[in-house]
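What follows is calculated from the coordinates using simple rules that are stated; it is not laboratory data. These numbers were taken from a predicted model, which means no experiment stands behind them. Every residue, glycine among them, receives a Cβ derived from its backbone with ideal geometry; neighbour counts consider all protein chains shown.
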Amino acid sequence: MGESSAIVTIITAFILLVALVSSTSAATHATNISSSSISTSEAELTWLVPSDLSQASYYIVYVLDEALNVVLNETIDDVNSASFTLTSLTFSTYYNVTIFTHDAGDASIGSDTVMFVTEYDPLNFRALCAMGVVGALVLILILVKVAGKVCNPDKEADKWKQEILNTKQRERDDRKKKLQANGGSRADLDFDV
């Protein structure tokens, strides 16, 4: 029994040693990615370069926006590079950035991810608000104009009605004069044309 417990102890020690060595071995991919200097349209990315560059050949910076659209899929050939500036971003937008480290055979050997939100653009926000206010005012003016047409008869239509009534009255007056000149009776004057 003494020998078997010694073997178990040796195997356990070996497993612990392997675990310790693998957990403290040098990183083979970019780690600790972070974002800084975030503005309305740009962000600076930084990361730790792999301490073991024997496998690393290049990085791929992969950027998704909040709608999961691919915004950028950029290759960085210099594995000693530790930063990258994202440009042409949209204000007030959530981004998910992953840096993949690839080996010479194009296989990914590790990745690290960071998420951030770009700043809002107060000028665009004010412009959107101003456009909303102007749009609301235009809508109100249109509604007032439509309501005015519905609630108040058209003045042109009133003029036409008045002109028709005036024309009928002139025709009656003309007939009356003619009948009186020709000796017509009052009964002849009462019919309407």
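In summary, the lysines within cross-link reach of residue 145, defined as a Cα separation below 22 angstrom excluding same-chain residues under 8 places away, comprise 155, 159. Note on residue 146 and residue 103: their simple-model spin labels are 6.8 nm apart, each label 7 Å out from Cα toward Cβ. For region 79-113, the residues whose amide N sits under 12 Å from a probe point set 7 Å from the Cα of residue 39 along the beta carbon direction are 86-89. If R0 is 35 Å, the Cβ-Cβ spacing of residue 139 and residue 67 corresponds to a FRET efficiency of close to 0.75. Ranked by how many other Cβ atoms sit within 10 Å of their own Cβ, fewest first, the residues 101, 90 fall in the order 90, 101.
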